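Encoded as structure tokens, the structure appears first; notes follow it.
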């Protein structure tokens, strides 16, 4: 008997890291119905109604909590008849924060909880289309959880202990993405540098997994979401120096610094110092001259002195990052840093964040200027309103080009 019931119409909004993006993508692949991704206010205006609105929440900072709740409230305001569902890190950290809003119908710890809610309350039918079909990059989660327990971070408490996904599972997912026509794979997780696998009784590291992916698929690009300096091994050199790998492995490393002060790094319980970070950064730049090194920095960590902050500014300039994501320290309940003395006043955090952001903007302009005049293969992602086709270079510079042909999901050589 053919089920002729109308397709369930779902809106989904994803906040936070690429691991959250991978969770949302997996949910969409499993759920029944028509799924629309909502990224901004314009996306909201395009639609009149939904059966369900889903928010994949983030809780890495207080700002992330507020943005997650704001997404929930905007969904309810725009689509008052829709069921509102929240899941993810924010819900695991503080379910009451979302249920207390009075507009959330259901909170789930993970995507499987969302699936159970949908199956119980709606007719589950085959998807009309997969949301990923409208993207050119596929995010594949290879690891979850974290064992580091940095003193400021709530993520180990909401994501749990580290878990490496199986090699066969990862390869099967990537080969499926390849069949679907994706041109780039982004490997992600919470602490992917600690990924460990086993193949034929042989232990594999992250770099060996990447080499395996490049050897056994024809995916034009493989990119990492983030990695820490202590996780680089000798095999990474192959990825940057051997043509069969370097032509497809993206020279873009997001390596979180958090502070340029060794005293603060120790208080943060990070697993490296500035000496190691600098050594790895210099090695990467030597291996790949056009590499984009990007990073995260927290300013205003408890006890951070003016000298600590100036040390951070000097170190950021010395490394010459392509971009710095600046975050004022955000107190997370249950973490060691939340109990520390010498909490930095909010106005001083904002002042320091602004200064460091100015440095980041200068470094970004310098990086783009250094690449101007060069020709890069650009993966075209979409056509913008002004008629340009836009995409990213391997070292993650946004580029655009006009064309009478449809260039979406094509790799085009563009002189910047």
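The table below gives the values:
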{"quantity": "Subset of region 29-48 that is in contact (Cβ under 8 Å) with a residue 60 or more places away in the chain, closer than 25 Å to residue 385 by Cβ and in contact with a helix residue (DSSP H, G or I) (Cβ under 7 Å, 6 or more places away or on another chain) - its residue that is surrounded by the fewest Cβ atoms within 10 Å (Cβ to Cβ)", "calculated": "37"}
{"quantity": "Candidate set from region 320-343 (those that are over 19 Å from residue 252 (Cα atoms) and touching a strand residue (DSSP E or B) at 6+ places or on another chain (Cβ under 8 Å)); member that is surrounded by the most Cβ atoms within 10 Å (Cβ to Cβ)", "calculated": "329"}
{"quantity": "Residue in region 297-318 that is closer than 30 Å to residue 243 by Cα, touching a residue at least 60 places away in the same chain (Cβ under 8 Å) and assigned by TED's automatic domain parsing to the domain that holds residue 367 present", "calculated": "no"}
{"quantity": "Residues that are in a loop (DSSP other than H, G, I, E, B), over 20 Å from residue 283 (Cβ atoms) and out of contact with any helix residue (DSSP H, G or I) (no Cβ under 6 Å at 6 or more places or on another chain), drawn from region 199-230", "calculated": "200, 201, 218, 220"}
{"quantity": "Which listed residue is modelled with pLDDT under 95 and not assigned by TED's automatic domain parsing to the domain that holds residue 394, from 278, 234", "calculated": "234"}
{"quantity": "Meets criteria (modelled with pLDDT of 95 or more, closer than 22 Å to residue 276 by Cβ and in contact with a strand residue (DSSP E or B) (Cβ under 7 Å, 6 or more places away or on another chain)) for residue 210", "calculated": "yes"}
{"quantity": "Residue within region 204-215 that is more than 23 Å from the chain's Cα centre (by Cα) and outside the structural domain of residue 324 (by TED's automatic domain parsing) present", "calculated": "yes"}
{"quantity": "Strands (runs of 3 or more DSSP E) wholly inside region 23-131 containing at least 1 residues that are over 20 Å from the mean Cα position of the chain (by Cα) and under 26 Å from residue 160 (Cα atoms)", "calculated": "83-88, 106-108"}
{"quantity": "Meets criteria (loosely packed, with under 15 Cβ neighbours inside 10 Å and either within 28 Å of residue 59 (Cα to Cα) or out of contact with any strand residue (DSSP E or B) (no Cβ under 7 Å at 6 or more places or on another chain) (or both)) for residue 352", "calculated": "no"}
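The rows are residues; the columns are (1) at pLDDT below 95; (2) surrounded by 19 or more Cβ atoms within 10 Å (Cβ to Cβ); (3) over 18 Å from residue 332 (Cβ atoms).
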| site | (1), (2), (3) |
| --- | --- |
| 91 | no, yes, no |
| 98 | no, yes, no |
| 106 | no, yes, yes |
| 112 | yes, no, yes |
| 121 | yes, no, yes |
| 126 | yes, no, yes |
| 134 | yes, no, yes |
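So that you can scan it fast, the table gives a plain yes or no per residue for (1) surrounded by 18 or more Cβ atoms within 10 Å (Cβ to Cβ); (2) more than 30 Å from residue 411 (Cα to Cα); (3) free of Cβ contacts under 8 Å to residues at least 60 places away in the same chain:
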position	(1), (2), (3)
181	no, no, no
186	yes, no, no
211	yes, no, yes
225	yes, no, no
265	yes, yes, yes
268	yes, yes, no
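The values are calculated or read from the model by the stated rules, or taken from the named source; none is laboratory data. Note that the structure is a prediction, hence the values are computed from the model and not measured. Glycine also receives a Cβ, built like all others from the backbone with ideal geometry; neighbour counts cover every protein chain displayed.
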